[in-house]
1. For segment 28-121, which helices (runs of 4 or more DSSP H) that fit wholly inside it have 3 or more residues that are in contact with a helix residue (DSSP H, G or I) (Cβ under 7 Å, 6 or more places away or on another chain) and closer than 30 Å to Pro239 by Cα?
2. Tell me yes or no: at least one residue of segment 135-149 is part of a helix (DSSP H, G or I), modelled with pLDDT of 80 or more and within 30 Å of Pro101 (Cβ to Cβ).
3. Look at Gly34 and say whether it is buried (at least 17 other Cβ atoms within 10 Å of the Cβ), over 30 Å from Gly246 (Cβ atoms) and touching a Ser or Thr at 6+ places or on another chain (Cβ under 7 Å).
4. Just to be sure before I move on: is Arg294 touching a residue at least 24 places away in the same chain (Cβ under 8 Å) and touching a Leu at 6+ places or on another chain (Cβ under 9 Å) in the structure I sent?
5. Are any residues in segment 219-278 part of a helix (DSSP H, G or I), of a type in the set (S, T, N, Q) and within 29 Å of Ala151 (Cβ to Cβ), and if so, which ones?
6. Scan segment 279-295 for residues that are part of a helix (DSSP H, G or I) and under 12 Å from the mean Cα position of the chain (by Cα) and jot them down.
7. Any residue in segment 230-259 that's over 30 Å from Leu81 (Cβ atoms): show its pairings with residues that are of a type in the set (Asp, Glu) and assigned to a helix (DSSP H, G or I) at Cβ separation under 6 Å, as long as the two are six or more apart or on different chains.
8. Can you pull out every residue in segment 60-86 that is farther than 13 Å from Pro47 by Cα, at pLDDT 90 or above and β-branched (Val, Ile, Thr)?
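The values are calculated or read from the model by the stated rules, or taken from the named source; none is laboratory data. Given the structure is predicted, the values throughout are model-derived calculations rather than measurements. Here the Cβ positions follow ideal geometry from the backbone for every residue, glycine too, while neighbour counts run over all protein chains shown.
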Amino acid sequence: MRPVQPEAPALAPVAGARRPATWLVALAALVLLGFVLDIALGPVRIPVAAVVKILLGQPTGNPAWTFIVREIRLPKALTALVVGSGLAVSGLQMQTLFRNPLAGPSVLGLTAGAGLGVAAVMLAGGGVANGFAIRALGLGGSWGLVLAATAGAALVMGLVLALSARVRDNVVLLIVGLMIASVTGAIVSLWQYFSAPEQIQEYLLWTFGSLGGVVGSHLAVLAAVVGVGLVLAFASAKPLNALLLGENYARSMGLVVGRSRTLIIASTSLLAGAITAFCGPIGFVGIAVPHLTRALLRTADHRLLLPGTCLAGAALTLACDCVAQLPGSQTSLPLSVVTSLLGAPVVLWVVLRRQNIRSSFS
C-alpha cells in the first residue's frame, strides 16, 4: 500500500473571498494615505494639500512648512515605511519557518543581541556621551549606538547560523534562539542592576524605540540593508511555500532544506538586526501583521503574502506613528508603546482563534 502523503495547506485564495489583487491595491492606498497623514500631523499642523505640494516640489509660500516636511517629517515617514515592511516580513518568515503562529522577528534572539550591544556601550562606561547623542540627535543619531547594536545582533546571528548547520529540527532551533535571548537579557539586567540611575534612564530611552533619529546617511544605510533583506525574503517565496508542507514533504519535492533555512535566517537577521540597531526594539509588528495579511488575502501563498505583508506592515507602522505624535500636542509617545497597544489585541485574537490559525501552518 502506498503511504498517504500529508495534505498541503491551501495556497489558493478561499472561494468567494475578495481577490488578493484587490486587497493589495487597497493596502497600497492605505500606505499612501498614511504616509501623507504622518507627514501632515504633528505639533505644527500642516494642511494635506500643502504636504502634497511640497512632496511634488511645488512652492507653498511657507518656508517653515517646507523645512519641517523635508528635513524632519519626510525622513521619519520613510523610516516608518522601511521599518514596518522589514519587521512584518521577518515575522512572516519566522512563523512559516518554525510553523508557529506566535513566532516573531525577535525569536532568534537578534533583538536581545542588539540590546546587549547597546547596554555594553551605555551601561559600561559610555552612557554620558551616548546619552547626549540621544538627546541631540535621536535614538538613531549616534553611530556609536548603531554600531554597538549591529555588533550585538551580528554576534547572535553568527551563533544562530552556526547552530542551524548542526541542528536539523526547527523546534530545537527555536528553543536555542529563546535561550540565547534569555541569556543576553539576563546579562543586560545585571548591568542595569549595577549601573547608575542616569545610565539606566538613557538605556530605557533606547528600548522605547523611535523613528525620529534616523536621517541622512543613517536612513540610507538602513534602507540599503533592509532592501537586501527583503530581496532575500522574496527570493525565498517558493521555499517558504514548500516548508508549509513540512520538511519531509519539502525534501521529497527537491527542496534543499538546510540551504533554504540559512537563506531565511540570514534575511530575518538582516531585517530585524538593522531595524533594532537604528530604531530600537519595536514589538508586535512582526507578530501581528502576518496574521492580518493572511486574514485579508485568505491565502497561504507567499508570492502574495510577502508583498501584502510589506504593505500592511508599512501601513500599520505609519498609523502607529500618527497615534504616537498625539496630533495637536507637543508630546510624543514611545513608538513601542503604541505598537504594543495596537498589536496585543491582534495577538489575543490569534490565541483565541488558534485552531483556525493553525490550519495555515499544517
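1. By residue number, 74-98.
2. So far as segment 135-149 goes, no, none of its residues is part of a helix (DSSP H, G or I), modelled with pLDDT of 80 or more and within 30 Å of Pro101 (Cβ to Cβ).
3. Against the criterion (buried (at least 17 other Cβ atoms within 10 Å of the Cβ), over 30 Å from Gly246 (Cβ atoms) and touching a Ser or Thr at 6+ places or on another chain (Cβ under 7 Å)), Gly34 does not qualify.
4. Against the criterion (touching a residue at least 24 places away in the same chain (Cβ under 8 Å) and touching a Leu at 6+ places or on another chain (Cβ under 9 Å)), Arg294 qualifies.
5. Ser260, Thr262, Ser267, Thr268, Ser269, Thr276
6. Result: Cys279, Val285, Gly286, Ile287, Ala288, Val289, Pro290.
7. Sorted first by the residue in segment 230-259, then by its partner, the pairs are Val257/Glu247.
8. Thr79, Val82, Val83 - these are the residues of segment 60-86 that are farther than 13 Å from Pro47 by Cα, at pLDDT 90 or above and β-branched (Val, Ile, Thr).
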